[in-house]
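In what follows, a structure is listed as structure tokens, so that the remarks can point back to it.
The values are calculated or read from the model by the stated rules, or taken from the named source; none is laboratory data. Not measured: the values here are computed from a predicted model. Quick reminder, even Gly has a Cβ in these numbers, built from the backbone with ideal geometry, and neighbours come from all protein chains shown. SASA here: full protein model, heavy atoms, side chains in, ligands and nucleic acids out. Shrake-Rupley method; radii C 1.70, N 1.55, O 1.52, S 1.80 Å.
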Amino acid sequence: MEDFKLIKQGAESKLFKGRYLGVPALVKDRFKKAYRHSTLDDTLMKERIKAEVRAILKCKSVGIRTPTLYLVDLHRRSIYMEYFPHSVTAKEFIFNANESLIEILSVYIGKLLGKMHANNIVHGDLTTSNILISNKKKIDIFYETFDNLELILIDFGLSHTESTVEDKAVDLYVLERAILSTHTTTCNIFTLILNGYKAENKSCIEVFNKLEEVRARGRKRTMVG
Amino acid sequence: MVIAIGFEGSANKLGIGIVKDGEVLSNCRRTYITPPGEGFLPKETAIHHRQNVLQVLREAIDKSGVKVSDIDVVCYTKGPGMGAPLATVAIVARTVAQIWNKPLLGVNHCIGHIEMGRLITGAKNPIVLYVSGGNTQVIAYSKKRYRIFGETIDIAVGNCLDRFARIIKLSNDPSPGYNIEQLAKKGEKYALLPYCVKGMDVSFSGILTYMEERIESLLKDGYTEADLCYSLQETVFAMLVETTERALAHCEATEVLIVGGVGCNERLQAMMHQMCVERDAKLFATDERFCIDNGVMIAHAGAEMFNSGTRMKWEDCFITQRYRTDEVETTWRED
């Protein structure tokens, strides 16, 4: 870990960048949270590392791009995985790209999520920060054309396997709210995402109906006091 | 210069307060307290407010030292809250506004908490954790609205605590949450309880059911009531701190403000403080005078609205049980 440099402190983990076995690697360290009771903290850490590893592998097996895993170490609370040097988050991309690129991206995100849900993987924490856009040509050009770009899904700590529509609908609802509170674009990102989702998910009608229900739950809650 | 009077009565607290340009002149309150094992119901709460409101109004005016003729605007809680108590207090506000011939403004209760918190603590653009008996929301300000980032998908955290207090028959005086907090200080043994975070959202009903169903066997297994209070607090507060930190990281914000009745819990404040230290953020919190529902927060938020030109037509001055934080355009914020 000596050559690893801290690049980001997320809510749940510290991210370090460095080299592992000769390739660029990212270490996700789920460090001890001082505010949390240590029993609870240990339980959550283990649950989430396992969930993350499981979902990353499951996604790979169905053709969704996720970081390759190098090493999982429950004692040191960390996962060593592939690092994408030539990438931006979908959040940054939407801030910087023109509308037509954002439209293309949105449909691609939808397709990705449709496929993920069709395979009963529920992400649990979908935001535009948890989707990476990487340039396959290993150059830092993102905002000209979508041809060489690919989407990579990350941050599966809250994920689980689930076949019912409820959790899939909540998954989409979490993303919708994250988009509403972060992005204001003229095109409706979320509607385009749902269009893409439709193309890759046969049971989309059930999920969308459930999504309506989940949305209504929020609005109808009485919020007394 | 604006002098505003605020009427609050959305739940079991009846409060009337007067502010003059952000300076608190008076902050009077009565709480409807129910016997151990019982919660407060709309009808009885409304009766309590009706019986006390005029006396509290007299107190608030006398303490403030202002003449009624100097008041610029009458503010009241439009919602969200319990229907009958809201209506009781709104009727008094409507009546005095007509007698004194002053403009009337209906204020969103949640906005009242947020603006009060910002005024008292000086927080500029914080991620707000709003936690009370009826609400649990993580809020971030963006483009003229307080946007709800995460919230409970079932019951509020305060409701979960209150109902747990009822299970173990803790006193409701001064509040069930306060008594849980005191008892939890004696707890040592941690029981692992359901922990439910879904992205930005949290859920508390499962924990409550778990407690309801297992209370006897937990007590038999050697956990004391204090241990269970302690475990419950550690678990639900960890969920709140986690989602707040998520919002903090996502928005790249550097301030956290805790408001609402549960916000005066010192254990919650300490946990949030620890999280803030770990990521170089600053925590702002207030004590029970301003955390718990009060009239001043309604007066202050109303004064901000009044100052920025908001006026309400008489027929719009009704009450509503459902009134979400993000429905209000924050005309008074420039950023």
query: Restricting the search to the range A:29-51, which residues are open to solvent by less than 10 Å² (accessible area, probe 1.4 Å) and either among the basic types (Lys, Arg) or within 12 Å of another protein chain (Cβ to nearest Cβ) (or both)?
result: A:Lys33, A:Tyr35, A:Leu40, A:Asp41, A:Leu44
query: Tell me, which helices (runs of 4 or more DSSP H) lie completely within the range B:254-335 with 1 or more residues that are small (Gly, Ala, Ser)?
result: B:266-278, B:295-307
message: List the helices (runs of 4 or more DSSP H) inside the range A:115-225, counting only whole elements, that have at least 1 residues being under 30 Å from B:Gly260 (Cβ atoms), facing chain B (nearest Cβ under 9 Å) and more than 15 Å from the chain's Cα centre (by Cα).
response: A:165-182, A:204-220
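Hey, could you check the range B:25-51 for residues that are assigned to a helix (DSSP H, G or I) and within 15 Å of B:Gly133 (Cα to Cα) and say which is least open to solvent (accessible area, probe 1.4 Å)?
My answer is B:Thr45.
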query: In the range A:52-86, what count of residues is obtained for those that are in contact (Cβ under 8 Å) with a residue 24 or more places away in the chain, under 16 Å from A:Leu132 (Cβ atoms) and open to solvent by 30 Å² or more (accessible area, probe 1.4 Å)?
result: 5
- request: Inspect all residues belonging to the range B:64-74 and state whether any of them is in a helix (DSSP H, G or I), assigned by TED's automatic domain parsing to the domain that holds B:Glu44 and within 18 Å of the chain's Cα centre (by Cα).
  value: no
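Quick check on A:Ser100: is it more than 18 Å from A:Ile154 (Cβ to Cβ), of a type in the set (Ser, Thr, Tyr) and open to solvent by 50 Å² or more (accessible area, probe 1.4 Å)?
Judged against the criteria, A:Ser100 is a match.
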query: Out of B:Cys229, B:Cys251, which single residue is at the interface with chain A (Cβ under 10 Å from one of its Cβ atoms), over 20 Å from B:Met116 (Cβ atoms) and in contact (Cβ under 8 Å) with a residue 12 or more places away in the chain?
result: B:Cys251
field: Selected residue (only one of B:Glu327, B:Glu278 is free of Cβ contacts under 8 Å to residues at least 60 places away in the same chain, of a type outside the set (Lys, Arg) and within 29 Å of A:Ala178 (Cα to Cα))
entry: B:Glu278
task: Evaluate the following for B:Glu188: is it open to solvent by 10 Å² or more (accessible area, probe 1.4 Å) and within 14 Å of chain A (Cβ to nearest Cβ)?
output: yes
